[in-house]
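Working notes for the structure below.
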Amino acid sequence: MNQQYKALKDVGRWKKGQMIGTLPAAQINQLLTDGVIEAVEQTKPKTTKEVKIDV
């Protein structure tokens, strides 16, 4: 899965708080350096384990 980024300020067609779509790597690096976007930590979906108890 690719790294995802969130806009901290309005960036092109994306508004503050929106997830940034596909951009060239150079532009992503520049926006990260400028503090306009931030990387979003990806979390794995939680899995639940079913436990059977004999009564």
*asked:* Counting heavy atoms of the protein chains only and a 1.4 Å probe, report the per residue accessible area for the chain as a whole number of Å².
replied: 93 Å²
*Give the peptides 24-36, 43-55 in descending order of average Cβ contacts within 10 Å, highest first.*
24-36, 43-55
*asked:* If I take every Cα pair under 8 Å that is 6 or more residues apart in the chain, average their sequence separation and divide by the length, what percent do I get for the relative contact order?
replied: 39 percent
*Against the longest alpha carbon principal axis of the chain, how many degrees, from 0 to 90 and to the nearest 10, is the axis of helix 25-34 turned?*
80 degrees
*Pop a pseudo-label 7 angstrom from the Cα along the beta-carbon direction at both Thr48 and Lys9 and give the gap in nm to one decimal.*
4.4 nm
_Partners for Lys46 among lysines (Cα-Cα distance below 23 Å; same-chain residues under 8 apart left out)_ = Lys6
*Where does the chain land at 222 nm, in deg cm²/dmol rounded to the nearest 500, when only DSSP H runs of n ≥ 4 count, each adding -39500 (n - 2.57), divided by all residues?*
-5500 deg cm²/dmol
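The values are calculated or read from the model by the stated rules, or taken from the named source; none is laboratory data. In this text the structure is predicted, and so the values were computed from the model without any measurement. Here the Cβ is made from the backbone with ideal geometry for all residues, glycine too, and neighbour counts use every protein chain on show. Each accessible area value is taken on the protein alone, full model and side chains, heavy atoms only, with ligands, DNA and RNA left out. Shrake-Rupley method; radii C 1.70, N 1.55, O 1.52, S 1.80 Å.
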